[in-house]
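The values are calculated or read from the model by the stated rules, or taken from the named source; none is laboratory data. Computed from a predicted structure; not experimentally measured. Here Cβ is always computed from backbone atoms with ideal geometry, including for glycine, and neighbour counts include all displayed protein chains.
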């Protein structure tokens, strides 16, 4: 059972994600995580001023339970099911990131510069998290879904809107990764 | 009872995202650099199985846990917004390396600055709702 404590291969991760989708479908629900951000807005009363949030958000409570589970799953995965969490990256990527001052590439799970506790007092890290978070939240809703809703659920259901959204994810991702992030980090 | 079921599905999802490194900023960076098969393997294998699952449910009329027919709704066809929104999402995904699922997984794993990401993602969703009528769809 030692493999459990090592990082899991793609052929374990991918099928388990498909299993999560199957379990939700069998529960008469759909697999889509970004809807929760809309639910949170609605639960805080955004529906009073904005029609987009004026719906029966209580019918989406099951999905909030799913993300609470994901929170606990992250905790279990990190604290109880991992002996070491360094991500084994391609050597070219490690070199590239070191040039961008991400010095812990290949030795950590997340870059300390963005996600370590020191970033609370680093305006640049905070701005990156804020801008990136904003784009993710805005873009997911504008596109009608995120990686789970479009790239997994939607494409599995052979939906053209999902294919177009996923092409958009990669256009945006490649622009950021290849042309912008070098100036930002 | 159903609440517990959703909670357990969520735990399975969270452990999977963390342990398969799909929640790692580094893996997303590497994916957009096309330097590793890992993320493509995860998304690709989930997708291949997802197609088999979804199409089987539709073709064979598989019933839910509660004995009801399973209805899988089509995605709304608003192709402009799928593309423009997708590009905006991709810009953010490649910058902070986290989409909405991993946000919660990473918070559980103890990366507290992700709270900033979470707050602004919610704000982004809110602003989309405010501006919806003025955006091309």
Can you tell me which residue is farthest from residue B:93 (Cα to Cα) among those in the stretch A:145-180 that are under 15 Å from the mean Cα position of the chain (by Cα) and part of a loop (DSSP other than H, G, I, E, B)? A:145
Between A:85, A:39, which is assigned to a helix (DSSP H, G or I), under 19 Å from the mean Cα position of the chain (by Cα) and more than 8 Å from chain B (Cβ to nearest Cβ)? A:39
All conditions in (1) in contact with a helix residue (DSSP H, G or I) (Cβ under 6 Å, 6 or more places away or on another chain); (2) assigned to a helix (DSSP H, G or I); (3) more than 7 Å from chain B (Cβ to nearest Cβ) are true of residue A:31 except (2)
Condition first: outside any helix (DSSP H, G or I) and more than 7 Å from chain A (Cβ to nearest Cβ). Now tell me which residues in the stretch B:27-36 satisfy that. B:34
Considering every residue within the stretch B:57-77, establish whether at least one is closer than 18 Å to residue A:168 by Cα, surrounded by 14 or more Cβ atoms within 10 Å (Cβ to Cβ) and either more than 8 Å from chain A (Cβ to nearest Cβ) or out of contact with any strand residue (DSSP E or B) (no Cβ under 7 Å at 6 or more places or on another chain) (or both). yes
Test: residue A:183 is more than 7 Å from every other protein chain (Cβ to nearest Cβ), in a helix (DSSP H, G or I) and either out of contact with any strand residue (DSSP E or B) (no Cβ under 7 Å at 6 or more places or on another chain) or farther than 30 Å from residue B:48 by Cα (or both): yes
Can you find a residue that is touching a residue at least 24 places away in the same chain (Cβ under 8 Å), in a helix (DSSP H, G or I) and within 9 Å of chain B (Cβ to nearest Cβ) anywhere in the stretch A:108-128? yes
Checked pairs for the stretch A:45-70, first in a loop (DSSP other than H, G, I, E, B), second at pLDDT 95 or above and buried (at least 19 other Cβ atoms within 10 Å of the Cβ), C-beta under 6 Å and 6 or more apart or across chains, list as A:50/B:129
Read through the list (1) under 15 Å from the mean Cα position of the chain (by Cα); (2) over 16 Å from residue A:15 (Cα atoms); (3) facing chain A (nearest Cβ under 7 Å); (4) assigned to a helix (DSSP H, G or I), then give the number of the only condition that residue B:47 fails. (2)
